[in-house]
1. Collect the residues in segment 338-377 that are of a type in the set (A, V, I, L, M) and in a helix (DSSP H, G or I), keeping them in residue-number order.
2. So Y320 fits all but one of (1) touching an Asp or Glu at 6+ places or on another chain (Cβ under 8 Å); (2) part of a loop (DSSP other than H, G, I, E, B); (3) not hydrophobic (A, V, I, L, M, F, W, C); what number is the exception?
3. So which of T93, T122 ends up being within 20 Å of the chain's Cα centre (by Cα), at pLDDT below 85 and exposed (fewer than 12 other Cβ atoms within 10 Å of the Cβ)?
4. Does G224 satisfy the condition of being small (G, A, S), crowded, with 23+ Cβ neighbours inside 10 Å and within 16 Å of the ligand (Cβ to nearest atom)?
5. Give the number of residues within segment 20-39 that are out of contact with any strand residue (DSSP E or B) (no Cβ under 6 Å at 6 or more places or on another chain), touching a residue at least 24 places away in the same chain (Cβ under 8 Å) and not in a helix (DSSP H, G or I).
6. Determine which member of the set V453, V446, V429, V425 is β-branched (V, I, T), surrounded by fewer than 19 Cβ atoms within 10 Å (Cβ to Cβ) and within 24 Å of T221 (Cα to Cα).
7. Scan E345, E297, E354, E283 and give me the residue that is charged (D, E, K, R), assigned by TED's automatic domain parsing to the domain that holds A225 and within 13 Å of the ligand (Cβ to nearest atom).
8. Which one is farthest from the ligand (Cβ to nearest atom), of the residues in segment 233-254 that are surrounded by 19 or more Cβ atoms within 10 Å (Cβ to Cβ) and farther than 20 Å from Y420 by Cβ?
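The values are calculated or read from the model by the stated rules, or taken from the named source; none is laboratory data. Because the structure is predicted, anything quoted here is derived from the model rather than measured. Ideal geometry is used to build each Cβ from the backbone, glycine not excepted, and the neighbour counts take in all protein chains shown.
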Amino acid sequence: MDIAKVINGIRVDPASTAPMYLQIANSFMTKIQGNLLPAGTKLPPERELADLLSVSRTTIINAYRLLEERGLIATRIGSGTYVAEMPAADPQTPAMPWEQLFTPRYKSPLSSLLRNLVAAPTANKNISFAAGMPDPLLYPLNVIQEALVGERSSMECAEFGYIATDGYLPLKQSLTAWQSRHGIDTSAEKTLIVSGSQQGLYLIIKAFVEPRDYVIVESPTYLGAIQIFEASGARILCLPQSASLDLELLEDYLIRYRPKLFYTIPTFQNPTGRIMSLRDRQELIRLGARYRLAIVEDDPYGQLYYGQQPPPSLKSLDTYGGVIYLGTFSKILFPALRIGWVNAETAVVNRLSEQKQFIDLHSNNLSQKIIHLCLTEDYLEAHLKTVRRVYRKRRDTAASALRRYCGGHLDFELPEGGFYLWCDVRPPVSPDELLRCAAAEGVTFVPGQAFYVNGAESHQIRLCFVTHDDTLLSEGIRRLGKIFASGAAQRDDQSKMARKPII
Ligand SMILES: Cc1ncc(COP(=O)(O)O)c(C=O)c1O
């Protein structure tokens, strides 16, 4: 098939009331549905198509984005844009108009890019620094075997029935005991087991936030949180992340906007890796108590320290019951078991539990049982000792590889724990061009823009240093160094303009 011929047939009418990107997307849709562009056909790069049709690159980006939303094309990082596989349709039956039936929704411009990034490591054997994923080779799989068939396995038929929405009671009790060893004084009644802390955050937002409510987040912050807050229709106030908490600005927000909540990751923050000092934590609690502020403390990384233990959690310093604590086993055991938890006042736990009932009735029993075993038999503590040692070495390997191969092109602070190196890329190299070149070399990471509300411009990139062993880590960073040295990732002004809407 001569793709140039097919594309030459596409006409754009500048006088039409329909936007040009829509005209282009509709022409492609007709050709794809009429099989003139069969599944698997590689479409021209955005810039090339823009030249061919004499339109701006932004127009093509928007047209491709719309086609992707309609499931007609798919982007493969580092490879290009392709016509997607279509389900076989009966020619007599018109396709279901799903798009017309869906409720209006928020769609982050980043979601498809990030889906690809997370899929990349298994799909292409990439060296991915993108997903915040533990090293799968370190998962303590023996625990699962033990839970299912080992001596300590006590699976009974009744345990495969429905259980209470707030969680498997033995797990809530063992979790309470484990948390008290780590300074959090809580109880089974004040604990809700959730399917990952992402679900916990969703429940909190559903329970507290209505469209146009104000919420405060750190900036930059966890992308998954930005996406849910944006989808909720909340107005988001940003508190810039720095070495110390800007308490003055925070108080100003509290007085001026009466926000519903403040979402913070005080320990080994995602993406910066920073720690909120003990003094700032105490001041924050003081301020929170004065203004009756609901503080959502998201703490997936607190146990992953590589030197001194971090300061106590906000929850353990809470004097007024205003802290809603989110924990997860995803980063310290198995992400796939999807078990996290919420600690809060009973009234909050009950309300979230009601909300959870609408979603999944309760989290998976088997997963809860396995985590319970990890806590009661001290598997978790033993595993934590191992991963702290291994990840600390990986952090140091990554840091020295960055200095060796990329020194002069980027700057970073050494994090004292967690998963991430947050790097400032020096101009004229641009993070999104770097990602494009890196993907072609089989390396991925997340550009900093993803962690800012509204995708604000950023010179940073986030590298997850825990997923790969020292050899792969160094190799991935060596490839990044090669791109810096070649000057390939520098951004010209034209592409800067065109690319802005994507990431
Ligand atoms: C700060 C933060 N919160 C929540 C999550 C989601 O974790 P879970 O797997 O428990 O849903 C992540 C995952 O990367 C995270 O970094």
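1. Residues of segment 338-377 that are of a type in the set (A, V, I, L, M), as a first pass: 339, 342, 344, 347-349, 352, 359, 361, 366, 370-371, 373, 375.
Answer for segment 338-377, where residues must be of a type in the set (A, V, I, L, M) and in a helix (DSSP H, G or I): A347, V348, V349, L352, I359, L366, I370, I371, L373, L375.
2. With (1) touching an Asp or Glu at 6+ places or on another chain (Cβ under 8 Å); (2) part of a loop (DSSP other than H, G, I, E, B); (3) not hydrophobic (A, V, I, L, M, F, W, C) applied to Y320, the lone miss is (1).
3. On the way: T93 fails: within 20 Å of the chain's Cα centre (by Cα).
One residue alone meets the criteria, T122.
4. Values: small (G, A, S): yes; crowded, with 23+ Cβ neighbours inside 10 Å: no; within 16 Å of the ligand (Cβ to nearest atom): yes.
Spelling it out, it is not the case that G224 is small (G, A, S), crowded, with 23+ Cβ neighbours inside 10 Å and within 16 Å of the ligand (Cβ to nearest atom).
5. Residues flagged as out of contact with any strand residue (DSSP E or B) (no Cβ under 6 Å at 6 or more places or on another chain), touching a residue at least 24 places away in the same chain (Cβ under 8 Å) and not in a helix (DSSP H, G or I) within segment 20-39 amount to 2.
6. Numbers: V446 fails: surrounded by fewer than 19 Cβ atoms within 10 Å (Cβ to Cβ); V429 fails: surrounded by fewer than 19 Cβ atoms within 10 Å (Cβ to Cβ); V425 fails: surrounded by fewer than 19 Cβ atoms within 10 Å (Cβ to Cβ).
Step by step, each of V453, V446, V429, V425 is checked, and only V453 is β-branched (V, I, T), surrounded by fewer than 19 Cβ atoms within 10 Å (Cβ to Cβ) and within 24 Å of T221 (Cα to Cα).
7. Details: E345 fails: within 13 Å of the ligand (Cβ to nearest atom); E354 fails: within 13 Å of the ligand (Cβ to nearest atom); E283 fails: within 13 Å of the ligand (Cβ to nearest atom).
After applying the criteria, what remains is E297.
8. Here is the first cut: in segment 233-254, the residues surrounded by 19 or more Cβ atoms within 10 Å (Cβ to Cβ) are 234, 236-237, 239, 241, 245, 250, 253-254.
If we keep only those that are farther than 20 Å from Y420 by Cβ too, we end up with 234, 236-237, 250, 253-254.
Values: A234: 17, I236: 16, L237: 19, L250: 19, Y253: 21, L254: 23 Å.
Once the filter is applied, the top-ranked residue is L254.
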